[in-house]
1. Which condition breaks for PHE57 when tested against (1) open to solvent by 10 Å² or more (accessible area, probe 1.4 Å); (2) of a type outside the set (Asp, Glu); (3) touching a Phe, Trp or Tyr at 6+ places or on another chain (Cβ under 7 Å)?
2. Would you tally the residues in the range 55-80 being within 15 Å of the chain's Cα centre (by Cα) and without any contact (Cβ under 8 Å) to a residue 40 or more places away in the chain?
3. Do we find that PHE80 is touching an Asp or Glu at 6+ places or on another chain (Cβ under 8 Å) and within 27 Å of LYS144 (Cα to Cα) in this structure?
4. Quick check on my filter: what residues within the range 76-97 are assigned to a strand (DSSP E or B), among the charged types (D, E, K, R) and surrounded by fewer than 14 Cβ atoms within 10 Å (Cβ to Cβ)?
5. Name every residue in the range 191-204 that is in a helix (DSSP H, G or I), open to solvent by 60 Å² or more (accessible area, probe 1.4 Å) and without any contact (Cβ under 8 Å) to a residue 60 or more places away in the chain, in order of residue number.
6. Which is farther than 25 Å from LYS273 by Cα, over 19 Å from the mean Cα position of the chain (by Cα) and aliphatic (A, V, I, L, M), of VAL166, VAL214?
7. In the range 23-54, which residue that is more than 18 Å from LEU132 (Cβ to Cβ) and of a type in the set (A, V, I, L, M, F, W, C) is most open to solvent (accessible area, probe 1.4 Å)?
8. All but one of (1) in contact with a helix residue (DSSP H, G or I) (Cβ under 9 Å, 6 or more places away or on another chain); (2) closer than 30 Å to PRO16 by Cα hold for GLU239, so report the exception by its number.
Amino acid sequence: MSNVYLNWFTTDEKFPFFIQYGGHEEEISLHQHVDFSELVIVLNGHATHVVNNEESFIKKGNAFVLNSGTPHAYKAPHDFKICNVMYKPDMLKSAGPDLRSLNGYQVLFILEPFYRSINPYQSKLNMSITSLEYVSALVSVMIKEYETKQQGYQTMLVSRFMELIVYLSRQYDHQETGVDNSLMHLASAISYIEDHYLDQVTLEEIAAKSDISVRHLNRIFQAYYQTTPIAYLHRLRLERACTLLKQTNRSITDISYECGFNDSNYLTRQFKKCYGVTPKAFRKMQ
């Protein structure tokens, strides 16, 4: 199955989003989607999901996300009905900081798809019947919006999609079965950092909030993200500094304190190390 065939779902470059029901009575061979992430919600039945040649049983109430370029397939479907949501990863950047601080969001939309794309990993969301009913109703509204394309449908779909993301993220607190402990500890750490990266936080504080040791915190960050907790925190601070340099006329000294750096010289060194230019030069380029 070619990537050209798989990308038929939308040619609208201005609104790269697609949603549909999928009823697979036959097996779907190994394939991947280029440039699009895929949220899959199993609405009925069951099947064997193959990701990178690793098999996992999926059933009604499961939900999972696949990053662009992750090969997957469906085998042995039985009364199998799903909802496919294709979206550009950039859409998630519009999420507010309160969403990014949710453990479930970090697990379902960031950590699981990233880890799944490079290693065998069978974790997925398991919703209760009540939760699935809510999601099914929301999906139905979204599909109707997408198909009828009434005036304002794009804004409505983005709004509903964000509602869906928030709801699914919250469901990780009510799983039928547990998620890998290391992944949940990592999600707790990331959520805490996302919520406090402008504060003067320490490794010990992050580890304590995640119920693990500093050593284990560093280990799981390296295993899943190939970086350290402090490097991750600095990246968030530098991204905030970029925003302030673009959108305000505040002094670099003020911005350095706003972004959690103790002085402007330290901000300048970190900024140049990351972006190759000083904050002052970056501002002139905008």
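The values are calculated or read from the model by the stated rules, or taken from the named source; none is laboratory data. Everything numeric here is computed off the predicted structure, so don't read it as measured data. Backbone-built Cβ (ideal geometry, glycine too); neighbour counts: all protein chains shown. These accessible areas exclude ligands, DNA and RNA; they are computed on the full protein's heavy atoms, side chains included. Shrake-Rupley method; radii C 1.70, N 1.55, O 1.52, S 1.80 Å.
1. (3)
2. The qualifying residues number 1.
3. In short, yes.
4. If the condition is that a residue be assigned to a strand (DSSP E or B), among the charged types (D, E, K, R) and surrounded by fewer than 14 Cβ atoms within 10 Å (Cβ to Cβ), then ASP79 is the only one that fits.
5. We begin by selecting, within the range 191-204, every residue in a helix (DSSP H, G or I); these are 191-196, 203-204.
From what's left, open to solvent by 60 Å² or more (accessible area, probe 1.4 Å): 195, 204.
Matches in the range 191-204: GLU204 only.
6. Working: VAL166 fails: over 19 Å from the mean Cα position of the chain (by Cα).
After applying the criteria, what remains is VAL214.
7. LEU30
8. (1)
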